[in-house]
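The values are calculated or read from the model by the stated rules, or taken from the named source; none is laboratory data. Because the structure is predicted, anything quoted here is derived from the model rather than measured. Quick reminder, even Gly has a Cβ in these numbers, built from the backbone with ideal geometry, and neighbours come from all protein chains shown. For the accessible areas, the whole protein counts, side chains as well, though only heavy atoms, and no ligand, DNA or RNA atoms are used. Shrake-Rupley method; radii C 1.70, N 1.55, O 1.52, S 1.80 Å.
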Amino acid sequence: MRTALTSLVALSALAAIVSSDMPMAAPIVDDCATKSGVLGLSRVVEVDTAGGPVFGGSHKGNNFLRAGEIVLTFDDGPMRAYTRPVLKALAAHCTKATFFMVGRMAAADPAMVKEVAAAGHTIGSHTWSHQNLKALGLLKGRQEFELGMSAVSKAAGAPIAPFFRFPFLGDSRLVREHAKTRNVATFFIDVDSKDFRTRDPKEVHARILSELAQQGRGIILMHDIQPSTAKAIGGLLSALHDKGYKVVHMVPKGVLDTVANFDSRAEKAIESKSDAAKAKPLSERSVVWTMAPPDASGAKNAVKDEETPQPDGAETAAVKPSDAQSDGGEDLPWLSGKPPPVAPVAKKKKPDVTTSSTNRTGTTPAKRPARRQIEELPWQMRVFSQ
């Protein structure tokens, strides 16, 4: 019965997409999605984004979820060290998610964006540089919005879904009104993993299940730049299956129509990042650029490549040629071939910290190791602005 229902829904979604004025590929529904023992998919929901509807959170008027249904979403990526384990866990459970990607993260690793798309997940945008749009005016907010859309689309090599989420969930009325004119749907959340607060996967696991028990359904927020989520995701998906939750895969009725001016700026940003990697294949490079959006002429800011502290376990977004496949050497299920190899990056040794050159006895004191600071990406905060 469940197999027949899923097949019928998938066929209905396909028919609607084919008849759309803006055709796009049909959603991928794996044969294993209805097998027992995996979380799989309950149904595919095609979202009509005309007029820029708003979903999730307090916007209950657009709630398309039934009791026990959930939507898996991931923000802030891609970051290869953590996005890859998330993809593997989702593939093991034959389920799908929506990834709201930051433009400059996508520009830094287009191959990883393409992997997410190849695995059949929905890709939306999360601005260009993860600024809190609530604090920006319309001009800067529109630039973040549009450049993020263009950058993720160019990195994907194909139009992405017209889906958007505000960084920090900082709702800007001006930007939301702009999204409506662009026929882009805005998504908020119902269940917050708060995975940025901890490196303990058990805390992430427990929080999600606890909030779901209270809500009964909802859009779940996680981050595929967080080690806690990368470690928690496999066990979490198993627990969701055991507790009877059903995953809904969101797909758009149409695709995103980007703006040519921002497309050209995004292309220059991606090309300059690629050129920098070719020019300095063995140098240490950051996962993302700590920079302002590139200007229309592709100014020097577009090629600025500053060092950014790396999260634990992630040396870089770059991957060795041997890492094109997973650690165990098995083929990644969503790839038909290896992604383009990127040169490995050497770790940068941290300097020792010493006290004064001599102490009162005239002897040289022993060196003390530098205190290790908590490493965060530029936009990470202890608490989201709600």
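Tabulated values for the structure
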| read-out | value |
| --- | --- |
| Proximal charge balance of Ala185 [Cβ under 11 Å; K/R count +1, D/E count -1] | +4 |
| Local net charge near Val175, Cβ-Cβ under 11 Å (Lys/Arg +1, Asp/Glu -1) | +3 |
| For Phe99, distant residues with modelled amide H under 5 Å away | Phe74, Thr122, Ile123, Gly124 |
| Distance between modelled label sites at Val259 and Ser274, nm, 7 Å Cα→Cβ extension | 2.5 nm |
| Whole-percent carbon and sulfur share, accessible surface of segment 138-199, 1.4 Å | 52 percent |
| Cα point-scatterer Debye curve for segment 21-171, base-10 log of I(q)/I(0) at q = 0.09, 0.10 Å⁻¹ | -0.29, -0.36 |
| Surface per residue (accessible, 1.4 Å probe) for segment 99-254, Å² | 31 Å² |
| Distance-filtered residues of segment 206-226 - backbone nitrogen under 20 Å, label point 7 angstrom along Asn63 Cα→Cβ | 208-222 |
| Unsatisfied cross-links (Cα-Cα over 32 Å) in the set Lys35/Lys114; Lys231/Lys273; Lys60/Lys134 | none |
| Local electrostatic count at Ile219 - Lys and Arg +1, Asp and Glu -1, tallied over other residues with Cβ under 11 Å | -1 |
| Lys140 versus Ala92: modelled label distance in nm, points set 7 Å from Cα along the beta carbon direction | 4.3 nm |
